[in-house]
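Asker: To start, I am sharing the structure in question, which I have written as structure tokens.
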Amino acid sequence: MKRIMQLFLPAALLLSAGCKKEMPGYEGTEGVYFAVQYGQASLSENYWPYQPTTPVSFVSYGSDEITYPVKVMITGPLKDFDRPFRVEVNPDSTTATLGVHYEALPEEVIMPANSLVAYVPVKLKRTADLQEKEVKLGLRLVANEYFGLSFPEWDAIPGYESGPLVKEFDASMHTLYVSDFMVQPVVWRGSIQNGNRESGLWGAFTRKKLELMAELMGVTYADFASEETMPLVKSMLLTNIVQEYLIERYNAKDPVLEDDGRLMWVGSVPWTSYIGVPYVPGG
């Protein structure tokens, strides 16, 4: 099976890319396999390795519910009619809770006529516990009258190495690692000085502060990923909007507080913020 995969898969990839070069006919299982690829963003995805797992972080999405598409491909000849394939939750690699972290999978997914590719729609839900822990949702393909399982023993393909490489795995299975962790993004124009005093445009990074920025200006966590998506001009505008809001709330005697009780701080608000020092009204 490994040898069949090594000979056939490059042909399938070329066919899916529209290559007109004649390839040898495939002699083996008409089957399905998970064909998820990711790797270094600076390099062509044509050389990304195939992966047995996928990290899914809700901080990268602007919604509390997402439908995550998991790519599946076929081996064997194309057919001029739709064919269903089956996928189910693998309990051995699942810690996510049905109805809490995800919704039930469809009983069947359709491989369209004359297509090599289909996507399993996995509906995920954002829950408070995902800020503290990561859960796993394991998927496994199930043979039916149309498809067997193509590559239960998968070898990494030489040349597909521009990213994290897993050399051997079962391509009939795939696991989603779902979380809602929020670490300080690449572009964060703030810091802490003199022990615990906030400084810069935005001071210390907190999830609550970034979520307020998102609410007031419509930015997302992904906007803080580079200077291109968060240039200095945009940062200054964001600072002005947030500090005006914080001052307005403070003057209305309804200040915005961080989780440790201190006043939220950005830019030129008329107060100084020290990490771990709670705000005392009238103090």
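The values are calculated or read from the model by the stated rules, or taken from the named source; none is laboratory data. Quantities reported herein were computed from a predicted structural model and do not represent experimental measurements. As a convention, Cβ positions derive from the backbone with ideal geometry for all residues, glycine included, and neighbour counts pool all protein chains shown. Protein only, heavy atoms only, side chains kept; ligands, DNA and RNA dropped before computing areas. Shrake-Rupley method; radii C 1.70, N 1.55, O 1.52, S 1.80 Å.
Asker: To the nearest 20 debye, what is the magnitude of the charge dipole of segment 180-283 about its Cα centre, counting +1 on the Cβ of each Lys and Arg and -1 on the Cβ of each Asp and Glu?
Answerer: My answer is approximately 280 debye.
Asker: Hey, how many Å between the Cα centroid of segment 229-276 and the Cα centroid of segment 171-219?
Answerer: 15 Å
Asker: Continuing with the same structure: Pairs of Cα atoms under 8 Å, at least six residues apart: use those to get the relative contact order of the chain, whole percent.
Answerer: Relative contact order, the chain: 19 percent.
Asker: Compute the acute angle (0 to 90°) between the alpha-carbon long axis of helix 207-217 and the principal axis of greatest extent of the alpha-carbon atoms of the chain; round to the nearest 10°.
Answerer: Approximately 90 degrees, to the nearest ten.
Asker: Where in the chain is the longest stretch that carries no GluC sites (Glu not before Pro) classed as loop by DSSP and with at most 16 other Cβ atoms within 10 Å?
Answerer: Counting at most 16 other Cβ atoms within 10 Å as exposed, the longest clean stretch of the chain is 31-102.
Asker: Can you give the FRET efficiency for Leu257 and Val142, using 1/(1 + (r/R0)^6), R0 = 45 Å, r = Cβ-Cβ distance, to the nearest 0.05?
Answerer: 0.30
Asker: Label Glu153 and Asn114 with points 7 Å out from Cα along Cα→Cβ: what is the distance between them in nm?
Answerer: With each label point 7 Å from Cα toward Cβ, the separation is 3.7 nm.
Asker: In degrees from 0 to 90, rounded to the nearest 10, what is the angle of the helix 232-251 Cα long axis to the longest principal axis of the chain?
Answerer: The answer is roughly 50 degrees.
Asker: At most 15 other Cβ atoms within 10 Å plus a DSSP loop assignment makes a site exposed; report the longest stretch of the chain without any exposed trypsin sites (Lys or Arg not before Pro).
Answerer: 168-252
Asker: Also, I was wondering about something else. Counting helices only, and only those DSSP H runs with n ≥ 4, report the 222 nm mean residue ellipticity of the chain as the sum of -39,500 (n - 2.57) divided by its residues, in deg cm²/dmol to the nearest 500.
Answerer: Roughly -5500 deg cm²/dmol at 222 nm, from the helical runs in the chain.
Asker: At a 1.4 Å probe radius, carbon and sulfur cover how many percent of the accessible area of segment 227-276?
Answerer: Roughly 55 percent of what the probe reaches on segment 227-276 is carbon or sulfur.
Asker: Note the full-extension length gain between Glu244 and Leu98 as 0.36 nm times their separation in residues minus their Cα-Cα distance, in nm to one decimal.
Answerer: 48.3 nm
Asker: Compute the signed sum of charges (Lys and Arg +1, Asp and Glu -1) over the other residues within less than 12 Å, Cβ to Cβ, of Asp64.
Answerer: +1
Asker: Can I ask one more? Report the antiparallel proportion of the DSSP beta bridges in the chain as a percent, rounded to a multiple of 5.
Answerer: Around 80 percent of the beta bridges assigned by DSSP in the chain are antiparallel ones.
Asker: Collect residues whose amide H, placed 1.01 Å from N in the peptide plane, falls under 5 Å from the amide H of Tyr102; neighbours closer than 5 in sequence don't count.
Answerer: Thr97, Lys125
Asker: Can you give the accessible area of Asp129 in Å² (nearest 10), computed on protein heavy atoms with a 1.4 Å probe?
Answerer: Counting only protein heavy atoms, the figure is 50 Å².
Asker: Right, here's the next one. So, R0 is 41 Å and r is the distance between the beta-carbons of Tyr177 and Met236; what FRET efficiency does that work out to, to 0.05?
Answerer: 0.65
Asker: Looking at Gly190, Tyr38, Leu216, which one has the Cα that reaches farthest to the positive end of the dipole of the chain (charges on Cβ: Lys, Arg +1; Asp, Glu -1)?
Answerer: Positive-end residue among those listed: Gly190.
Asker: While we're looking at this one, here's another question. Using a 1.4 Å probe and counting only protein heavy atoms, arrange Thr229, Thr175 so the residue with the most accessible area comes first.
Answerer: From most exposed to least exposed: Thr229, Thr175.
Asker: Report the convex hull volume per residue for the chain, counting only C-alpha atoms, in Å³.
Answerer: Convex hull volume per residue, Cα atoms: 169 Å³.
Asker: Quote to one decimal, in nm, the extra length available between Lys208 and Lys167 on full extension: 0.36 nm per residue of separation minus the C-alpha distance between them.
Answerer: 10.7 nm
Asker: For helix 2-16, report the angle its Cα long axis makes with the longest principal axis of the Cα atoms of the chain; keep it between 0 and 90° and round to the nearest 10°.
Answerer: 70 degrees
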